[in-house]
Amino acid sequence: MKKAGVLGATGSVGQRFILLLADHPDFEIAALGASSRSAGKKYLEAVSWKQTDLMPENAKSIVVTECKAENFAHCDVVFSGLDSDYAGAIEKEFVEAGLAVISNAKNYRREPDVPLIVPIVNPEHLSVVENKVKKAREAGEKKAGLLVCISNCSTAGLVAPLKPLVEKYGPIDLLTATTLQAISGAGFSPGVSGIDVLDNIVPYISGEEDKMEWETKKILGNINDKGDTFVPLSADKMKVSAQCNRVAVSDGHTECISLRFAQRPPPSVEEVKKTLSEYVCDARKLGCYSAPKQTIHVLEEPDRPQPRLDRNRDAGYGVTVGRVREDPVLDFKMVVLSHNTVIGAAGAGILIAEILKAKNVI
Ligand SMILES: NC(=O)C1=CN([C@@H]2O[C@H](COP(=O)(O)OP(=O)(O)OC[C@H]3O[C@@H](n4cnc5c(N)ncnc54)[C@H](OP(=O)(O)O)[C@@H]3O)[C@@H](O)[C@H]2O)C=CC1
Ligand SMILES: N[C@@H](CC(=O)OP(=O)(O)O)C(=O)O
């Protein structure tokens, strides 16, 4: 069993980590961290639990600590669900102390040497940290600190169907996405207020559109010849336009997307559906415990996917696509649904850790 720490353990993402780690065969919870408001309290008392699953017994009596590296020194991996106002300094301290940090926060996603990972899409980008750790071990370092960033949750759902399509049919040069994002995505402190979201749609999520437009290009981009720096796709190779909305859904981000392939003629609708259905993510091939059996579920019903009905496919690690059809402006349009706190956040972190463990990095 590897020992796992969770930073921001009381938040929306942190609570999902607690659920997903509760019965995990490879990782056990060894330390929980949050703000000084929570530190010193048992998890049961520190947290305002908002999940529909009951709080796991094994978390209840763990005493939450302050997010200091010394409190997590015994951890093989540390998952971060920290508020981004604090994540930057805390995660830096942890990596410098030799800890392996897998972060949900946005702070380091654009660093040229930090992998930005959606584990069902671009686990090959983990080679950059694999190489770093190998070199550090060869140099005699006992604990090589490393940082892996998890993408923005809407970006995770967006890139999942793009990856197999690009692999098979070449670059996508134009892409639009309009999101309908769940309230759990906004976190719990303070979270979206009832009056804002009930009987309403808020057509603005701060910073979200820019993150989707930028992160997509890093995730679908390349690594330089030296194997140490990421080279995102350039704007002339791929134009991405996102519009983001908050809707009254508890979990699960829906995205209406349209895309055009650079190569002409484009494939047929049936070929696109077949390619999506047949895609098997590398984590599944590696035998990772949490990897979805079916990476992308393609539905034929005209009124699916729907968040409440489809977000838990493959325990939230699978992505669901429906309404795949021709687009009279670009080539194709479709609706994508992904669980924002599982494959868009905590689940992604755990699947990344499973991949790193399988590769003997942690
Ligand atoms: N929710 C989602 O779907 C997604 C979230 N993210 C990112 O993940 C991170 C966590 O998001 P989310 O769970 O939604 O946020 P929440 O607001 O729900 O949780 C924030 C967490 O950070 C802790 N925290 C706040 N201030 C401090 C501090 N000064 N020192 C240490 N810990 C502190 C809080 O602890 P306390 O309870 O003690 O205040 C809490 O555990 C963010 O960076 C977010 O952008 C990424 C993808 C998806
Ligand atoms: N902004 C996302 C969640 C989030 O926190 O994303 P990021 O980690 O990219 O800031 C949402 O509201 O659904």
Exercise for the section: Would you give the gap between the C-alpha center of the stretch 248-300 and the C-alpha center of the stretch 169-243, rounded to a whole Å? Expected result: 17 Å
Exercise for the section: In whole angstrom, note down how far apart the Cα centers of the stretch 1-20 and the stretch 304-318 are. Expected result: 21 Å
Problem - Total charge dipole magnitude, the chain, about the Cα centre, Cβ charges on Lys, Arg, Asp, Glu only, Debye to nearest 20 - result: 460 debye
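What FRET efficiency comes out for the pair Lys3/Asp83, r = Cβ-Cβ distance, R0 = 25 Å, nearest 0.05?
On the way: r = 24 Å, r/R0 = 0.95.
In this case the efficiency is close to 0.55.
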Problem - DSSP-defined antiparallel bridges as percent of all bridges, the chain, nearest 5 - result: 45 percent
Problem - Neighbourhood charge, 12 Å Cβ-Cβ cut-off, centred on Ala346 and excluding it, Lys, Arg +1 and Asp, Glu -1 - result: 0
Problem - the stretch 245-317 - percent of accessible surface contributed by carbon and sulfur, probe 1.4 Å - result: 48 percent
Completion exercise
Violations at 19 Å Cα threshold for listed pairs Lys106/Lys135; Lys226/Lys357; Lys168/Lys237 -> Lys106/Lys135; Lys226/Lys357
Practice task
Please calculate how many Å² of accessible area the stretch 132-194 carries per residue, with a 1.4 Å probe and no DNA, RNA or ligand atoms counted.
Solution key: 42 Å²
Fill in the blank from the handout: Of every hundred units of 1.4 Å-probe accessible area on the stretch 94-230, the number belonging to carbon and sulfur atoms, as a percent, is 52 percent
Practice task
Enumerate the aspartates and glutamates that Lys285 could reach by cross-link, defined here as Cα to Cα under 12 Å, with residues fewer than 8 away along the same chain left out.
Solution key: none
Practice task
May I ask you to give the solvent-accessible area per residue for the stretch 256-304, in square angstrom, as obtained with a 1.4 angstrom probe?
Solution key: 55 Å²
Problem - With at most 15 neighbouring Cβ atoms within 10 Å, loop GluC sites (Glu not before Pro) (DSSP) excluded, longest segment of the chain - result: 142-299
Handout entry: Residue among Val249, Val336, Val77 with the largest mean-square fluctuation in a Gaussian network model of the chain, springs linking Cα atoms under 10 Å
Key = Val249
Problem - Among Gly185, Ile150, Val63 - extreme Cα towards positive end, dipole of the chain, charges at beta-carbon - result: Val63
Exercise for the section: Note the per residue figure in Å³ for the convex hull of the C-alpha positions in the chain. Expected result: 130 Å³
Exercise for the section: Just flag the chymotrypsin sites (Phe, Trp or Tyr not before Pro) in the stretch 123-232 sitting in loop per DSSP whose Cβ has no more than 16 other Cβ atoms within 10 Å. Expected result: Tyr204
Exercise for the section: Assign unit charges at the C-beta atoms only (+1 for Lys and Arg, -1 for Asp and Glu), then state the dipole size of the stretch 244-362 relative to its Cα centre in Debye, rounded to the nearest 20. Expected result: 260 debye
Problem - Sulfur and carbon atoms: percent of accessible area, the stretch 1-67 [1.4 Å] - result: 47 percent
Practice task
State to the nearest 20 debye the size of the charge dipole of the stretch 31-88 about its Cα centre, where the only charges are +1 on K and R beta carbons and -1 on D and E beta carbons.
Solution key: 200 debye
Exercise for the section: Can you run the Rg to Rh ratio on the stretch 158-288? Use alpha carbon positions and the Kirkwood inverse-distance Rh. Expected result: 1.02
Problem - Cα-projected label distance for Glu326 with Ala235, points at 7 Å along beta-carbon direction, nm - result: 3.3 nm
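The values are calculated or read from the model by the stated rules, or taken from the named source; none is laboratory data. In this text the structure is predicted, and so the values were computed from the model without any measurement. When we count neighbours, we look across all protein chains shown, and the Cβ atoms used for this are built from the backbone with ideal geometry, even at glycine. The protein model used for the area step is the full one, side chains on, heavy atoms only, and it has no ligands, DNA or RNA in it. Shrake-Rupley method; radii C 1.70, N 1.55, O 1.52, S 1.80 Å.
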